[in-house]
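Trainee: I have a structure here, written as structure tokens, and I will follow up with some questions on it.
The values are calculated or read from the model by the stated rules, or taken from the named source; none is laboratory data. From a predicted model like this one, the values you see are computed outputs, not experimental measurements. Quick reminder, even Gly has a Cβ in these numbers, built from the backbone with ideal geometry, and neighbours come from all protein chains shown.
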Amino acid sequence: MDIYLIRHTQTDTLKGLCYGQSDVALADTFLEEVQILQRKLPELKADSQFFSSPLTRCVKLAEMLSDKVTIDDRLSELNFGDWESIRFDDINADHLQQWTENFVHTSPPNGESFTNLCARVGSFWQDLVQGIEPAEQVLIITHAGVIRALLACLLKLPPVNAFQFRVDLGSVHKLQYLDNYTYINYINL
């Protein structure tokens, strides 16, 4: 099974805005970005399965690719809690530093830690590879944090190393699941 992890396209947000699970608008360049992204994908099979985060920036992209999309809350971005929709520069510097120094285990106020994100993404992955009818292609439209968490889990990396993966807006990352083993064909195309 070929699995394509796809990060949503550009959003219409202020630079430096913390918008993990906030439902923000897409940039005016959305349709052009979709065309660029589609050129990165192979020809899609009729039985391809599509999964998406419930956030609009992912759902709109998923619906441009297919009319049969399964929404899964576990594919949502990290929950920044009280920091949602606030510019990082406007967050208390001491609190932000405490979080950045231990984001793996520490959560923003009323948010979730990266460990929590890894657990829910891992749960989605287990359901995907064990519970669905086999498909030749699976496309997962989601967020940078989710893609990083999944790659770290699959490679059994310490979660703190997940941010070494570059995950650009509109990027495609191809995995192949074969005989209970996951291969990484490429990242950040």
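Trainee: Can you find, within segment 125-157, the residue that is modelled with the highest pLDDT among those that are surrounded by fewer than 22 Cβ atoms within 10 Å (Cβ to Cβ), part of a helix (DSSP H, G or I) and touching a strand residue (DSSP E or B) at 6+ places or on another chain (Cβ under 8 Å)?
Mentor: Top of the filtered list is A144.
Trainee: Do you know which residues across segment 175-185 are within 11 Å of M1 (Cβ to Cβ) and either surrounded by 14 or more Cβ atoms within 10 Å (Cβ to Cβ) or of a type in the set (A, V, I, L, M, F, W, C) (or both)?
Mentor: Selection gives L175, Y177, L178, T182.
Trainee: Exactly one condition in (1) touching a residue at least 60 places away in the same chain (Cβ under 8 Å); (2) closer than 17 Å to T70 by Cα; (3) in contact with a helix residue (DSSP H, G or I) (Cβ under 8 Å, 6 or more places away or on another chain) is not met by A135; state its number.
Mentor: Only one criterion is unmet by A135, namely (3).
Trainee: Let me ask another. Kindly establish whether D23 is touching an Asp or Glu at 6+ places or on another chain (Cβ under 8 Å) and either surrounded by fewer than 18 Cβ atoms within 10 Å (Cβ to Cβ) or modelled with pLDDT of 95 or more (or both).
Mentor: Values: touching an Asp or Glu at 6+ places or on another chain (Cβ under 8 Å): no; either surrounded by fewer than 18 Cβ atoms within 10 Å (Cβ to Cβ) or modelled with pLDDT of 95 or more (or both): yes.
It is false that D23 is touching an Asp or Glu at 6+ places or on another chain (Cβ under 8 Å) and either surrounded by fewer than 18 Cβ atoms within 10 Å (Cβ to Cβ) or modelled with pLDDT of 95 or more (or both).
Trainee: Taking T106 and the conditions (1) under 18 Å from the mean Cα position of the chain (by Cα); (2) assigned to a loop (DSSP other than H, G, I, E, B); (3) polar (S, T, N, Q), which numbered condition does it fall short on, given that it satisfies the others?
Mentor: Looking at each condition in turn, T106 falls short on (1).
Trainee: Let me ask something else about it. Take segment 46-60 and flag every residue that is closer than 21 Å to N79 by Cβ and crowded, with 19+ Cβ neighbours inside 10 Å.
Mentor: F51, S52, S53, L55, R57, C58
Trainee: Take segment 139-186 and flag every residue that is more than 23 Å from L26 (Cα to Cα), in contact with a Phe, Trp or Tyr (Cβ under 7 Å, 6 or more places away or on another chain) and of a type in the set (V, I, T).
Mentor: Result: no residue meets the conditions.
Trainee: Checking F51 against (1) touching a Leu at 6+ places or on another chain (Cβ under 8 Å); (2) over 19 Å from D2 (Cα atoms), which single condition isn't satisfied?
Mentor: Of the numbered conditions (1) touching a Leu at 6+ places or on another chain (Cβ under 8 Å); (2) over 19 Å from D2 (Cα atoms), the odd one out for F51 is (2).
Trainee: Output the number of the condition that F103 fails; it satisfies all remaining conditions of (1) modelled with pLDDT under 95; (2) loosely packed, with under 13 Cβ neighbours inside 10 Å.
Mentor: Here F103 meets the rest and fails (2).
Trainee: How many residues, within segment 1-23, are over 30 Å from E136 (Cα atoms) and under 15 Å from the mean Cα position of the chain (by Cα)?
Mentor: Start the filter on segment 1-23 by keeping residues that are over 30 Å from E136 (Cα atoms), which leaves 11-23.
Those left that are additionally under 15 Å from the mean Cα position of the chain (by Cα): 11, 19-23.
So the answer is 6.
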